[in-house]
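The values are calculated or read from the model by the stated rules, or taken from the named source; none is laboratory data. Computed from a predicted structure; not experimentally measured. Heads up: the accessible areas ignore ligands, DNA and RNA and are worked out on the full protein's heavy atoms, side chains in. Shrake-Rupley method; radii C 1.70, N 1.55, O 1.52, S 1.80 Å.
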Amino acid sequence: MVAIDGPAGAGKSTVARMLAARLGVPYIDTGAMYRAVGLLTMRAGIEPPFDEEDEARLEALAREHQIELVPDPAGVRVLVDGEDVSEAIRSPEAAAMASEVSAVPAVRRALVPLQRAMATASGGVMEGRDIGSVVLPDADLKVFLTATPSVRAMRRYEDLQRRGIETTLETVREEQARRDLRDTTRRDSPLMVAPGAWVLDSSDIGPEAVVDRIVARLEEIGAGRLTFPMGEP
Ligand code: DC
């Protein structure tokens, strides 16, 4: 397994998707699972700040709905009870709600075992915030991918523009700072550099170069078995 963690906008998704394709292994996007719970929370009309009763309802949402990641040439499709929510979970509102629900320990307790089960079933490249620190501390390689806040904000802004979502760079910057603060200071599984993780700064290099460097590192450490889904020779 390769674990890729880091803050929003560091290029994790692009790198993780490209790396998985290069190695011929599954790509597991754990952020999409928190986003799916965020969407369910929005649909249920539950709003932060969450009280104890809300937290119990969030846990029930995370446990009672079937959240699936389905491999797709474009990366992965996200299904909730069979409904394709891949687009809906990418809105700025869903991103903000994902950050809120991911700070609820009961939600993490519901999703982490699912993530471990996926890793055991298929191996591959798993991306998130706590993969190297909590979900898969024994991953073959743990990468903490980062970049300066201004580079990350610019990348997010360009990405939203490409998808036709209207916003300003200033708004993206502010939302990012709020999410960074929440993700790094929450009590349960904060975003951190996991022990033994390799910190890679992507501010000045593109995703292809980052993938090249990770592949080279995997070859160095002899993690050749990653090139096969688990169960094969
Ligand atoms: O990577 P992303 O933007 O799709 O993640 C959405 C939110 O979920 C983000 O605020 C961080 C949170 N998250 C988390 O807490 N733990 C993970 N393993 C993955 C994402």
How much of the DSSP beta bridge set in the chain is antiparallel, as a percent to the nearest 5? 35
Roughly how many Å² of residue 165 are accessible to a 1.4 Å probe, to the nearest 10? 50
Rounded to the nearest 500 deg cm²/dmol, what is the calculated helix-only ellipticity per residue at 222 nm for the chain, with -39500 (n - 2.57) per DSSP H run of length n ≥ 4? -15500 deg cm²/dmol
Which order do 179, 109, 116 take when ranked by solvent-accessible area (1.4 Å probe, heavy atoms of all protein chains), largest first? 109, 116, 179
Derived scalar couplings ³J(HN,Hα) [segment 8-18; Karplus, 6.51 cos²θ - 1.76 cosθ + 1.60; whole Hz; x for Gly, Pro]: 4, x, 7, x, 4, 5, 4, 5, 5, 5, 5
Which sequence of 58, 69 reflects their accessible areas, 1.4 Å probe, from the largest down? 69, 58
Take the alpha carbon atoms of segment 13-52, find their center, do the same for segment 179-222, and report the distance between the two centers in whole angstrom. 18
Integer Hz, Karplus 6.51/-1.76/1.60 couplings in order for segment 147-156, x for Gly and Pro: 6, 5, x, 6, 5, 5, 5, 4, 4, 4
Between residue 4 and residues 5 or more places away or on another chain, the pairs with built amide H atoms under 5 Å apart involve 126, 127, 128, 143
Once you compute Rg and the Kirkwood Rh from C-alpha atoms, what is the Rg to Rh ratio for segment 37-178? 0.96
Accessible surface, 1.4 Å probe, highest first, among residues 199, 15: 199, 15
Taking θ = phi - 60°, what integer Hz values does the Karplus form 6.51 cos²θ - 1.76 cosθ + 1.60 yield along segment 215-220, in sequence order, with x for Gly and Pro? 4, 4, 5, 5, 5, 4
